[in-house]
Amino acid sequence: MRMATKLCLIFAAIVVAAIGADNTLGTWKLNVAKSKYTPAPMPVKSLTVTREAAEGGVKQTTTGERTDGTAINASYTAKYDGKDVQVTGNAPYDTIAVKQVNANTLTDERKKAGGPYKATGRTVISGGGKTMTTTAKGTNDQGKVFTQSFVFDKQ
């Protein structure tokens, strides 16, 4: 094989590997002190997100506690194709659609059928893979406009 052909094949393999990468995978714990929610107060006391690779996407399990003492337990498995999938458990939304922008960035749309909840979100990995920030804005389950910036530390 000629050198140019070999280089093209190597480059193609690197691009395919980079596109398939997902730096959001792992277990993440909410850093409440660095997180923000408007309107106040912060609705959660603790939150742990576990993200595992699934065919063409991710399986996410979220556990924790709301500030009123209610347990949080929700999960979904989604491909990165932007199509709605069911969320099970007690999340304020019942569907989510996720798209992968790159290995460090995801976007999502969350909705509640028959309810006011609707939001768009963005997840970004930074700090050398040690920090995950999820920002969202929309209408909460009480019909009020909200914004959030949840900062998670990799476990």
TODO: Answer yes or no as to whether residue 64 is closer than 17 Å to residue 147 by Cα, among the small types (Gly, Ala, Ser) and touching a strand residue (DSSP E or B) at 6+ places or on another chain (Cβ under 7 Å).
DONE: no
Open item on the list: Need the failing condition index for residue 16 against (1) assigned to a strand (DSSP E or B); (2) modelled with pLDDT under 95; (3) not small (Gly, Ala, Ser), just the number.
Closed with: (1)
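Hey, any hits in segment 102-112 for a residue that's surrounded by 14 or more Cβ atoms within 10 Å (Cβ to Cβ), in a loop (DSSP other than H, G, I, E, B), of a type in the set (Gly, Ala, Ser) and at pLDDT 95 or above? Before the answer, list the steps.
Our first condition is that a residue be surrounded by 14 or more Cβ atoms within 10 Å (Cβ to Cβ); within segment 102-112, this holds for 103-112.
From the residues that got through so far, the ones that are in a loop (DSSP other than H, G, I, E, B) too are 103-104, 112.
With of a type in the set (Gly, Ala, Ser) added as a condition, the list becomes 103.
Cutting the leftovers down to at pLDDT 95 or above gives us 103.
Yes: segment 102-112 contains one or more residues that are surrounded by 14 or more Cβ atoms within 10 Å (Cβ to Cβ), in a loop (DSSP other than H, G, I, E, B), of a type in the set (Gly, Ala, Ser) and at pLDDT 95 or above.
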Open item on the list: If the requirement is being at pLDDT 95 or above, surrounded by 15 or more Cβ atoms within 10 Å (Cβ to Cβ) and of a type in the set (Asp, Glu), which of these qualifies: 81, 94?
Closed with: 94
Open item on the list: So for segment 84-92 (the condition being closer than 18 Å to residue 135 by Cα and out of contact with any Pro (no Cβ under 8 Å at 6 or more places or on another chain)), does at least one residue qualify?
Closed with: yes
Task: Qualifying position, being more than 14 Å from residue 49 (Cβ to Cβ), under 10 Å from the mean Cα position of the chain (by Cα) and surrounded by fewer than 18 Cβ atoms within 10 Å (Cβ to Cβ), among 139, 135, 120 - done: 135
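The values are calculated or read from the model by the stated rules, or taken from the named source; none is laboratory data. All values reported here derive from a predicted model rather than from experimental measurement. We place every Cβ from the backbone using ideal geometry, glycine too, and count neighbours over all the protein chains shown.
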